[in-house]
There are 2 protein chains.
Amino acid sequence: MSGRDERFAMGVDFGATGVKLARVGADGGIAARGGFATADVVGVEGWLDAVEREAGRLLAEAPSGAGCAGIGVGVPGFVDYANGFVHDLANVTGWTAVPLAESLGERLKMPVKVDNDVNVMAAGECAFGAGSAFQHAVFLTLGTGVGGGLLLNGQLYRGAFSMGGEIGHMSIDMNGVVSAMGRGGVEQYVGNRQIVERTLRELETGRASSILERAGGRPEAVTPKVISEAAAEGDELALEIFDFVADCLATVMASVAYLLQPQAFIIGGGVAGAGAVLFEPLRRHVDERLNRHFAERLEILPAKLGNDAGVIGAASLVLKG
Amino acid sequence: MSGRDERFAMGVDFGATGVKLARVGADGGIAARGGFATADVVGVEGWLDAVEREAGRLLAEAPSGAGCAGIGVGVPGFVDYANGFVHDLANVTGWTAVPLAESLGERLKMPVKVDNDVNVMAAGECAFGAGSAFQHAVFLTLGTGVGGGLLLNGQLYRGAFSMGGEIGHMSIDMNGVVSAMGRGGVEQYVGNRQIVERTLRELETGRASSILERAGGRPEAVTPKVISEAAAEGDELALEIFDFVADCLATVMASVAYLLQPQAFIIGGGVAGAGAVLFEPLRRHVDERLNRHFAERLEILPAKLGNDAGVIGAASLVLKG
C-alpha cells in the first residue's frame, strides 16, 4: 500500500443516547471502533474527556506510518459549520454555544470538522455510499423527524447561515398541522410518532389488522418497524399507512425536484428500513406528482451505509474536505 | 474612460408578443434599444433574420473602440443552458429543438449565451439590481405563472439538467388543484388568470367592491393591476384577494427558506408591481410560517430592473459570464 492509502480519519457520531467513534480508512472502511453512553458523561467537559480518551486509544492502535487527517463530528442539532460551533442540540442538555472544533482541536492537536448529523450522513453517502455517482443529490433521513442534506455541484450546500436542508419543515398543506416551524411541515405527518399515532387512531375504529397482535397486544409497542413488517405481509391497514407516508414524502420530494432538479434522492434513517413497502409507493407517487421531463431524470435510492453512516460520514468531512 | 469600461454586450429579451434588444454597458446601463413584434416574423429563420438586422444596427451605432463581449438571449421556455439549445417554448409555435446559440453565433460571429427568461431576470438582478449584495438569493417572477431563479454561492444554480427553479410547480396543498405538473402547484392559485377568476367568483356572490367599476363594469377588463389599485385604496375584497395571494406565496417561500436558507427573496414580474398591498402581507405571512431563526435572517425585496430586466439580464449572461 502507498502512503496515501494509509491516511485515515476519526469519525464521531454524537447521538442522543450514545456516542460512537471509529477509525475510518481513506476508502471509507472502518478499521476500529469505540464509544460511550451519552448518559455516562457529565456536561461538555465530560463529553470532551471521553472523546479524547476513546480517540486517543484508537489513534494509539493505528498502524505505525499511517497518518491521521483529522477528526470529524456529527451532532444532533444546529451547527455553524464554517466555525465548528454548536449553536444548540435538540435533545442533549448543556450544549448551547459550544466552540466544539476549537475545544476538541486543542485537546487532540488535529484538524476538527463539525456538522449536523444529517449533513454528515449525506457527506458519507456522497463519499462512500449511494451518492458517490452524483453531482446533484438530495438526502433524506426518516426517523423522529425528517432531515435533509443537499449535494449541489458536488458539494454539500448548507445555505447562507448553515441552517438549510430542513426538508422536514417544508409544507405539504398551507392549512395543515401547526407547529413551532409553521403549518403543514411534512414531518408533522411522517415522523415516527405521527405514523404510530395515525395507526393507533385507525385501530381504535375497530379496523381489522395484524399490527396490534404483532406488538403483543400493547399499543405502546407499536412502532414504524412493526407496521412495516405487517405491510410486508399484506396487512391492509399497514399498507394504507405506508401509502399515505409515501404520498406525503412524494409531495415534498416533487417540490424539491421542481426547485433543484437533483439527479437523485437518497433516503436513509429508520423508516427507510421498511424497504419496498415504502419505496414502491414512493416512486409511484413521485411520478404522479412530477412532469414526465422531471420524473424520467430522477432516481430514488435507499442509503447504503446504514448504522455506520454517522461515523463514516463524520470521518469523510475530513477525508474529503 | 478606460478600454475596460467600454466593453458592452447585446441583450435580447424574447417575449411571446415582442422581442426587445439593447446595447448594454459593462455597468448595466442601456445605451441603445431595438426590437420587433414577434408576430411580424415567420418561424425561427425569420426571427434570426430580424435579430441579426437589429443587432447589426445597434453594433454599427456603437462608439468606435468599444468592444462587444457577445450576445445574451432570454427565451420563454425550456433551455439547455450549457449548449444554448432551446428544447421548447411555451407560447411560441415552431420553437422546438432549436440550437439557438449555434445558429445566432454563426450569423453574428460572437459568443452567444441562451437561458430561460426567469434565470435571465435573476442574472440581471444579481449583476446590476436588487440581488447584487447577496451570495444566496431566490428570485421569483409573478405573472401568468410563477417563475424562479436561484443564486447559490454567487452563481445561478440550474439543477442537474438545466430545468430547476420551477417554484410555480411547488405544491402548497398535497390534495390541491390538479395540473399537468402535479397537485397544488402555487401558480394554480396565484397566476394572473387565477387571481382574476378568484376575484370574479367573489364578485358574482354580490360582494360590495369597487373592482368592477374600476374595470368599466366589464368583468373581462378585470386584471391583477385593477385589483391591486382597488386594494391600495382600501377595497376590502381586493385586500382579501391580495392577502390570499401573499399567503400562498409565503407558504412556498417558507418551504424554500427551510430548504435553501437564502439571504433574500427578490420578487419581480407584473403582480409584484402591486407594491405594499402585496409586500406587506407577504412579509407578515412569511414571518408566521418560519421559525424566528430563519425569519430574522431573511430579506424580501422587490426587483429593481423592471421592464428592462430582460435585456439587461440577457446582456449580463455575457458580461458576467
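Just so you know, all these numbers are worked out from the coordinates, no wet-lab data involved. Nothing here was measured: the structure is a model prediction, and the numbers come from that model. So basically every Cβ, Gly included, is an ideal-geometry build from the backbone, and we count neighbours across all protein chains shown.
Brief remarks follow.
- Seen from a random direction on average, the alpha-carbon convex hull of the protein assembly as shown projects onto 34.6 square nanometres.
- GNM remark for chain B: springs join alpha carbons under 10 Å apart, and the peak mean-square fluctuation among B:Gly15, B:Gly143, B:Gly176 falls on B:Gly176.
- Calculated label separations, A:Arg207, copies of the chain, 7 Å along the beta-carbon direction, nm: 3.8
- According to the Kirkwood relation over distinct C-alpha pairs, the hydrodynamic radius of region B:4-117 is 14.1 Å.
- Within 10 Å of the Cβ of each residue in A:148-158, the mean number of Cβ atoms contributed by other protein chains is 3.
- Placing a label point 7 Å from Cα along the Cα-to-Cβ direction at B:Glu240 gives distances to the equivalent points in the other copies of 3.7 nm, listed shortest first.
- Net charge dipole, region B:251-321: roughly 100 debye, given to the nearest 20, about the Cα centre with Cβ charges of +1 for Lys and Arg and -1 for Asp and Glu.
- Dipole of chain B computed with +1 at Lys/Arg Cβ and -1 at Asp/Glu Cβ about the Cα centre; of B:Ala246, B:Ala208, B:Gly34, farthest Cα towards the positive end is B:Gly34.
- Alpha-carbon centroids, region B:19-93 and region A:175-251: separation in whole Å: 55
- In sequence order, region B:150-163 has phi-based couplings of 10, 9, 10, 6, x, 10, 5, 10, 10, x, 5, 10, 6, 10 Hz under the Karplus curve 6.51 cos²θ - 1.76 cosθ + 1.60, θ = phi - 60°, and Gly or Pro positions carry x.
- Inter-chain Cβ neighbour count for B:239-251, averaged per residue, equals 1 (cutoff 10 Å, partner chain atoms only).
- Phi to ³J(HN,Hα) by Karplus 6.51 cos²θ - 1.76 cosθ + 1.60 over region A:184-196, Hz, x for Gly, Pro: x, x, 4, 6, 6, 10, 10, x, 3, 4, 5, 5, 5
- Ranked list, fewest to most other Cβ atoms within 10 Å of each Cβ, for A:His293, A:His285: A:His293, A:His285
- Evaluated at q = 0.09, 0.15 Å⁻¹, the base-10 log of the normalised Debye intensity for region B:49-204, with identical point scatterers placed on the Cα atoms, takes the values -0.39, -0.94.
- With θ taken as phi - 60° and the Karplus curve 6.51 cos²θ - 1.76 cosθ + 1.60 applied, the whole-hertz 3J(HN,Hα) list for region A:38-51 is 4, 5, 7, 10, 10, x, 5, 5, x, 5, 4, 4, 5, 5 Hz, x standing for glycine and proline.
- Near B:Ile172, the amide H atoms lying under 5 Å from its own belong to B:Gly185, B:Val186; only residues 5 or more places off or on other chains count, and H is placed 1.01 Å from N.
- Ascending count of other beta-carbon atoms within 10 Å, so fewest first, for B:Glu166, B:Glu61: B:Glu61, B:Glu166
- For B:Cys68, B:Cys126, order by how many other beta-carbon atoms lie within 10 Å, fewest first: B:Cys68, B:Cys126
- Distance to the A-onto-B rotation axis is smallest for one chain A Cβ; residue and value in angstrom are A:Asp173, 3.
- Using alpha-carbon coordinates, inclination of helix B:309-319 to the longest axis of chain B, degrees: 40
- Relative contact order, percent, chain A [alpha-carbon distance under 8 Å, six or more residues apart]: 21
- Highest mobility in the GNM of chain B, judged by mean-square fluctuation with C-alpha springs under 10 Å and restricted to B:Gly84, B:Gly29, B:Gly191, is found for B:Gly29.
- Ascending list, in nanometres, of distances separating the B:Asp287 label from those of the other copies (7 Å, Cα toward Cβ): 4.6
- Binned Cα-Cα distances of chain A, short to long, each 20 Å bin given as a whole percent: 31, 54, 14, 0
- Inter-chain Cβ neighbour count for B:129-137, averaged per residue, equals 1 (cutoff 10 Å, partner chain atoms only).
- From the C-alpha gyration tensor of region B:221-294, square roots of 5λ in Å: 25, 12, 9
- Here the Kirkwood formula, the inverse mean of 1/r across different C-alpha pairs, assigns region A:133-303 a hydrodynamic radius of 16.5 Å.
- Residues whose placed amide H lies under 5 Å from that of A:Gly35, excluding near-sequence neighbours: A:Leu21
- Placing R0 at 60 angstrom, the Cβ-Cβ distance between A:Glu233 and B:Arg53 gives a FRET efficiency of 0.25 after rounding to 0.05.
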